[in-house]
């Protein structure tokens, strides 16, 4: 775990469109936590933007309504941990970038011969693996301080609609503040 005291973010700059995305992203994560508890064997995903978020997964719309309302209430009551999700894209992007950079740096200076590259490959894999381990707390830190907000403020849910394409079901949650 990263010691947050070392990386204290003094104050978030309030850029309205980014702030909306961060709050929607936090609400999306909180909703996914609740839905995952209620529907443990369902595969769920989400995507946030400045107008709300999408939930992709085969869950009934009534369950989505209840989960979104509960998520909003629990975030407002101070359950900030709900805004952080281990399967967030922020974690995956952080891991990919750091592992790719580590492997790339490990391969710097390698000659053009294939043999030289193959000899350096174990070191590149080791460096990438170390970065994957290191990236986990970094991704959580970035979620907590950059890509999500656990403080929904005056965020309101104004509409939830469901679309189905074949076996895939998507729910659009529209918000405003």
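The values are calculated or read from the model by the stated rules, or taken from the named source; none is laboratory data. The shown structure was predicted, so the numbers you read here are calculated from the model rather than taken from an experiment. No Cβ is skipped: glycine too gets one built from the backbone with ideal geometry, and neighbour counts run over all protein chains shown.
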(request) Go through the residues of the range 26-36 one by one and say whether even a single one is within 21 Å of residue 151 (Cβ to Cβ), at pLDDT 95 or above, part of a helix (DSSP H, G or I) and out of contact with any helix residue (DSSP H, G or I) (no Cβ under 9 Å at 6 or more places or on another chain). (result) no
(message) Looking at 119, 70, 62 in this structure, which one is assigned by TED's automatic domain parsing to the domain that holds residue 25, free of Cβ contacts under 8 Å to residues at least 12 places away in the same chain and in a helix (DSSP H, G or I)?
(response) 62
(request) Could you list all residues from the range 145-161 that are buried (at least 18 other Cβ atoms within 10 Å of the Cβ) and either out of contact with any strand residue (DSSP E or B) (no Cβ under 8 Å at 6 or more places or on another chain) or more than 22 Å from residue 56 (Cβ to Cβ) (or both)? (result) 147, 148, 149, 150, 152
(request) Go over the candidates 121, 101 one by one and state the one that is at pLDDT 95 or above and surrounded by 13 or more Cβ atoms within 10 Å (Cβ to Cβ). (result) 101
